[in-house]
Amino acid sequence: MKWLLSAPLAISLFLFPKLAFADEGWVINSFHSDITLEKSGVLSVKETINLDFGSQEKHGIFRQIPTTYRLADNSNRYVNLTYTSISQDGQEAHFDDYFEAGYQTAKIGDASRTISGPHTYQIEYVVRGALNGFVTHDEIYWNLLGNWPVKILSSQATVSVPGNSLQKVTCFVGPAASTKACESNLEESSATFTTDEVLGNGSDFSIVASIKPGTVPILTGTKPEEAGFNPFTAQRFTLVSISFFFIILALGLIFLFQLWSRHGRDLWWRRAHLFDENQKAEVQPLLDRDTLVVEFSPPENLRPAEIGTLMDERADTLDVTATIVDLASRGYLKITEVAKKWLFGSKDYMLEKKKEADEQLLGYEKELFERLFDDGQSVALSELKKTFYTDLKKVKEKLYSDLTSKKYFPQNPETVRGKYLAFGFGVFVFAALGVAFLSRYLDIVFLPSIALGILGLFLALLSPLMSRRTAAGHELYRRSRGFEMFISRAEKYRQQFFEKENLFNELLAYAIVFGCTEKFAKAFAKMGLKATEPSWYSGSGAFNALYFGAAINSFSSSLSSAIAATPAASGGSGFSASGGFSGGGFGGGGGGSW
């Protein structure tokens with residue numbers, strides 16, 4: 001059943017990460033794979049590995065191949081792999097075959113004896129579910145080597161298929177994702193692939209062969225079950241290892257709290273003794289705990305996006321949306337509703353430039369304005385969908401840069417969060433490697449590695465809290481919260497609306513940032529005030545505050561969705577323009593010595 005036709009593989013995205021190790025000092029002189037596509041649809045693979053341990057004493061080697069792969073839609077694809085025969089120097093070899101952490105592993109050798117010098121291993125296995133089906137062809141896409149911690153001086157492969165069904169072949173060699181081609185030779189029912197490039201740790205060798213569709217059945221693999229290696233053995237839970245677990249966890253949690261306290265909290269937490277007597281009077285408001293006082297205008301004339309970013313330390317898409325409404329209210333552009341083209345269609349909007357950018361615009365506002373109208377005097381909202389997302393990123397970066405240059409943030413908040421997130425994830429991966437590999441040989445590493453992994457996850461979860469405001473930034477944040485009280489509780493402060501004409505239109509962009517646009521409009525209507533119809537918005541209905549509030553809210557939602565929308569990703573064949581590279585395809589995994 002060719003279910004693959006509608007779900008092309010992005011099989012370079014493995015479910016399990018590619019690992020890199022230091023060179024162990026021995027060498028693989030040649031690595032040869034004979035791959036045969038059987039009439040039943042399975043692949044029969046025979047690997048011949050000529051290696052030299054030199055003077056090192058080893059028990060043997062292990063070979064591991066992943067059986068779980070990630071598809072473009074983030075679902076998993078499984079293959080089933082069975083080792084059928086393994087020999088060492090022409091003699092049947094002892095090996096342990098087990099499935100662990102997504103890899104089918106063959107551990108070859110005898111724990112009671114060591115070997116050195118040159119040896120030849122032959123590893124035979126069959127694979128079910130590794131053939132891809134497409135409309136025009138079926139395809140073998142196979143990573144021959146995977147990751148080995150030594151140099152591989154020469155690599156070759158042959159592929160044989162039933163009948164004369166072979167159509168074309170190609171191969172890729174080099175670092176992961178390399179598109180460098182290697183030497184291939186095509187005959188009617190077989191092909192050879194060769195490279196003399198020295199490969200090894202971090203390098204791959206992937207081959208692709210297409211055959212006539214329907215030559216053999218397309219088989220599917222089933223999800224394998226973990227077996228063999230058991231991490232929960234009694235010797236891993238000794239008093240010493242349990243003690244190390246709690247000590248590392250406790251000290252780590254204390255460290256994380258201190259890290260947040262020193263680098264994550266706003267600078268207003270600093271105590272008065274840090275300042276001399278002449279400074280105390282100036283900074284005292286910043287040293288006291290937050291006291292909210294209602295503000296009837298934007299503090300320090302901050303723009304909507306500036307307030308929005310100060311409120312949550314994030315330049316959100318909503319902040320950019322509010323900026324567009326604010327630019328319209330200030331006369332830079334006009335927003336016009338476009339009627340639905342059919343009954344169930346969606347409403348569109350047209351943005352029309354009314355005047356050029358000038359010195360009144362802040363850096364991020366100018367960036368946004370020029371990117372909106374880089375192709376003309378007007379743009380439809382539907383035209384921005386799946387095209388403006390890269391511009392949106394630049395606008396947000398400029399907004400962060402502007403606020404940082406004004407000393408409201410000591411560093412770009414997004415950069416700070418990303419740094420701690422990456423570090424926390426790195427600690428977690430390091431700990432996972434300890435659990436997966438080191439603890440196999442040293443039991444005491446198991447629980448401490450788990451403790452370290454927990455701390456890594458905690459740091460990753462803590463990363464959103466690690467950005468902070470300066471003392472000046474926190475003061476404006478406190479005042480912005482007071483301004484939010486005025487907008488969100490407008491009925492309570494009706495006198496201010498009676499005293500100033502057109503206040504509704506001036507504050508609308510700020511209501512978008514605070515997420516209370518319709519609530520603000522309803523409060524305005526309840527006060528019995530008549531909102532002035534804006535010249536910068538043209539709608540389809542009769543104007544009133546309630547309708548206008550709902551219309552702006554709808555426009556804001558549509559705009560946020562459109563400018564943040566990104567194109568969908570897809571996978572593909574090894575022959576496509578973007579689909580083939582070294583490390584792609586099934587197979588891979590790697591091996592090493594023990």
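The values are calculated or read from the model by the stated rules, or taken from the named source; none is laboratory data. Every value quoted in this text rests on a predicted model; they were computed, and no experiment measured them. For neighbour counting, all protein chains shown are included, and Cβ atoms are generated from backbone atoms with ideal geometry for every residue, glycine included. Only protein heavy atoms, including side chains, enter the accessible area calculation; ligands, DNA and RNA are left aside. Shrake-Rupley method; radii C 1.70, N 1.55, O 1.52, S 1.80 Å.
May I have the extent of the alpha carbons of the range 27-132 along their three principal axes, as whole Å values ordered from largest to smallest?
On the principal axes, the range 27-132 reaches 48, 30, 22 Å in Cα extent.
TRP536 accessible area, nearest 10 Å², 1.4 Å probe?
Taking all protein chains as shown, TRP536 has close to 20 Å².
What accessible surface, in Å², does a 1.4 Å probe find on ASP89, ignoring ligands, DNA and RNA and rounding to the nearest 10?
80
Under 20 Å from the 7 Å Cα→Cβ point of ASN301, by amide nitrogen: which residues of the range 369-408?
Taking a point 7 Å out along Cα→Cβ of ASN301, the residues of the range 369-408 whose backbone N falls under 20 Å are 369, 399, 402-408.
Output wanted: per-residue J couplings in Hz (rounded whole) for the range 149-159, from phi through Karplus 6.51 cos²θ - 1.76 cosθ + 1.60, θ = phi - 60°, x for Gly and Pro.
Karplus-based 3J(HN,Hα) across the range 149-159 equals x, 9, 6, 10, 6, 8, 9, 9, 8, 10, 10 Hz.
Rank TYR364, VAL379, THR404 by how far each Cα sits towards the positive end of the charge dipole of the range 334-416 (+1 on Lys, Arg Cβ; -1 on Asp, Glu Cβ) and give me just the farthest.
Farthest towards the positive pole: VAL379.
Provide, as a two-decimal number, the C-alpha radius of gyration of the range 47-200 over 2.2 N^0.38 Å, N being how many residues it has.
1.16
If you place +1 on the Cβ of every Lys and Arg and -1 on the Cβ of every Asp and Glu, how big does the dipole about the Cα centre of the range 357-468 come out, in debye to the nearest 20?
On the way: 14 positive and 13 negative charges, 106 e Å.
In total the dipole reaches around 500 debye.
I want to verify the translational diffusion coefficient of the range 324-423 in µm²/s; compute it with Stokes-Einstein, Rh as the Kirkwood radius over Cα pairs, at 37 °C and 0.692 mPa s.
Result for D is 211 µm²/s.
For the range 108-244, what is the charge dipole size about the Cα centre, in debye to the nearest 20, if Lys and Arg each add +1 at the Cβ and Asp and Glu each add -1 at the Cβ?
On the way: 8 positive and 12 negative charges, 68 e Å.
Charge dipole of the range 108-244: 320 debye, to the nearest 20.
Ordered by residue, what ³J(HN,Hα) values in Hz, to whole numbers, does the range 330-337 give under the Karplus form 6.51 cos²θ - 1.76 cosθ + 1.60, where θ = phi - 60° and Gly and Pro are x?
9, x, 7, 8, 10, 10, 10, 6
Just to verify a number: FRET efficiency for TYR98 and SER535, C-beta to C-beta distance, R0 = 56 Å, to 0.05?
So, using R0 = 56 Å, E works out to roughly 0.15.
Quick one: Karplus J couplings for the range 166-173, per residue in order, coefficients 6.51, -1.76, 1.60, θ = phi - 60°, nearest Hz, x for Gly and Pro?
Each residue of the range 166-173 in turn: 6, 9, 7, 9, 7, 7, 9, 9 Hz.
For MET466, MET311, MET350, what's the largest-to-smallest order of accessible area, 1.4 Å probe?
MET350, MET311, MET466
State to the nearest 20 debye the size of the charge dipole of the range 319-413 about its Cα centre, where the only charges are +1 on K and R beta carbons and -1 on D and E beta carbons.
Result for the range 319-413 is approximately 300 debye, rounded to the nearest 20.
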